[in-house]
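The values are calculated or read from the model by the stated rules, or taken from the named source; none is laboratory data. Remember, predicted model here, so these are calculated numbers, not experimental data. Glycine gets a Cβ as well: all are built from the backbone with ideal geometry, and neighbour counts include every protein chain shown.
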Amino acid sequence: MEIIIIGILLGGTYALMAMGLQLQYGVARIMNLANGELLIAGAFSTFWFFTGTHLSPFWALVVIVPVAFVVNWLIYRILLLPLVKRAKSQGQLEVDSILATFGISFIFIGILLALFGGDYLSYSYLAEAYVIFGENYGLNRIAAFLGAAILCVGFYIWLIRTRAGLTLRAIAVNPSAAGLVSINVTNASAFAFALGGSVTAAAGMMLSMFLTFDASLGVIFTLKALIIVIMGGVSDIRGTIVAAFALGMTETAVAVLIDPGLTLAASYILFLIILLVRPEGIFGRRTA
């Protein structure tokens, strides 16, 4: 039962983290290797906010989300859109975006090091035990899960119930066909990339409540987000959610039953199994 509960708490936060990359890769077609650095930037910003104001970290979302949206919109319009326009194929765009965002990740790391230094940081918020089925669990982890769950559910409902969400889903399925029905693919892709950055930064805020972090930790979360998105199916957010909980359960089981140092290796083994058995992902569509 302990493995299940911890896995659920971790998987909910992972789902929010991966939703940001799912928008950027699944809709805007940008393989963003700076995704983890943006998440850590959200965690650092929350640390800064909490230690400066002593308000609940959730209030940091009021600042973090719009700032992350603007920063990511500018990154797409200024740095990535020229790559999109010159790419002759999706494969070329993926290669160019990987190289470009890899460089952007180092820019983010340099900025974080300049602002916060290289030390590990954490803060104490709701650092007390809460009993579930006779076992103690951190109240901060539970609060992070509930916050991530509310954002995930709200975002999913927005995606399937609104016209803007339908636009993004249409581009994810077929951007060429979407352009034929008067959808401005360029503007919608910029919006999706910026929105994905906001969601990722919000996930950083959630993780910061129970995680000790430093400027170099972003690459780990980039890799985990990539595993979740590809494992779940690039163009389907349902697969992202399912894969996030599968990853959370796997990491928790390995940490509790075997060795915490093997959690990342277990994540890659799970990823390889999915690629061998169902390469298009859990909810991905098989190519004809």
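Which numbered condition trips up M1, out of (1) over 25 Å from G110 (Cβ atoms); (2) surrounded by 22 or more Cβ atoms within 10 Å (Cβ to Cβ); (3) of a type in the set (A, V, I, L, M)?
Result: M1 fails condition (2) only.
What is the one condition in (1) touching a residue at least 12 places away in the same chain (Cβ under 8 Å); (2) of a type in the set (A, V, I, L, M, F, W, C); (3) outside any loop (DSSP other than H, G, I, E, B); (4) touching a Ser or Thr at 6+ places or on another chain (Cβ under 8 Å) that A255 does not satisfy?
Just one mismatch for A255, condition (1).
What are the residues in the range 163-194 that are of a type in the set (K, R) and under 16 Å from D236 (Cα atoms), if any?
R169 - this is the single residue of the range 163-194 that is of a type in the set (K, R) and under 16 Å from D236 (Cα atoms).
Run Q90 past the list (1) closer than 19 Å to R169 by Cα; (2) surrounded by 18 or more Cβ atoms within 10 Å (Cβ to Cβ); (3) out of contact with any Cys (no Cβ under 6 Å at 6 or more places or on another chain) and report the number of the one that doesn't hold.
Going through (1) closer than 19 Å to R169 by Cα; (2) surrounded by 18 or more Cβ atoms within 10 Å (Cβ to Cβ); (3) out of contact with any Cys (no Cβ under 6 Å at 6 or more places or on another chain) one by one, Q90 breaks only (2).
Restricting the first residue to the range 132-152 and requiring it to be at negative phi, which pairs with a second residue that is among the aromatic types (F, W, Y) and in a helix (DSSP H, G or I) meet a Cβ separation below 9 Å and a spacing of at least six or different chains?
From residues that are at negative phi, the pairs are A143/F58; G147/F58; A148/Y14.
Quick test for you: out of T101, T53, pick the one residue that is among the hydroxyl-bearing types (S, T, Y), modelled with pLDDT of 85 or more and farther than 15 Å from L39 by Cα.
T53
Please find, within the range 232-251, the residue that is nearest to the chain's Cα centre (by Cα) out of those that are within 15 Å of S267 (Cα to Cα) and among the β-branched types (V, I, T).
The selected residue is T240.
For the range 72-88, state whether one or more residues are farther than 30 Å from L126 by Cβ, touching a Lys or Arg at 6+ places or on another chain (Cβ under 7 Å) and not small (G, A, S). Steps first, please.
Filtering the range 72-88 down to residues farther than 30 Å from L126 by Cβ leaves 73-88.
Filter once more, so that each one left must be touching a Lys or Arg at 6+ places or on another chain (Cβ under 7 Å): none.
No, every residue in the range 72-88 fails to be farther than 30 Å from L126 by Cβ, touching a Lys or Arg at 6+ places or on another chain (Cβ under 7 Å) and not small (G, A, S).
Say whether the condition of being surrounded by 13 or more Cβ atoms within 10 Å (Cβ to Cβ), part of a helix (DSSP H, G or I) and at pLDDT 85 or above is met by at least one residue in the range 115-136.
no
So that you can scan it fast, the table gives a plain yes or no per residue for (1) within 13 Å of the chain's Cα centre (by Cα); (2) in a helix (DSSP H, G or I):
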| position | (1), (2) |
| --- | --- |
| A188 | no, yes |
| A194 | yes, yes |
| T200 | yes, yes |
| A203 | yes, yes |
| L211 | no, no |
| S216 | no, yes |
| V219 | yes, yes |
| L223 | yes, yes |
| I227 | yes, yes |
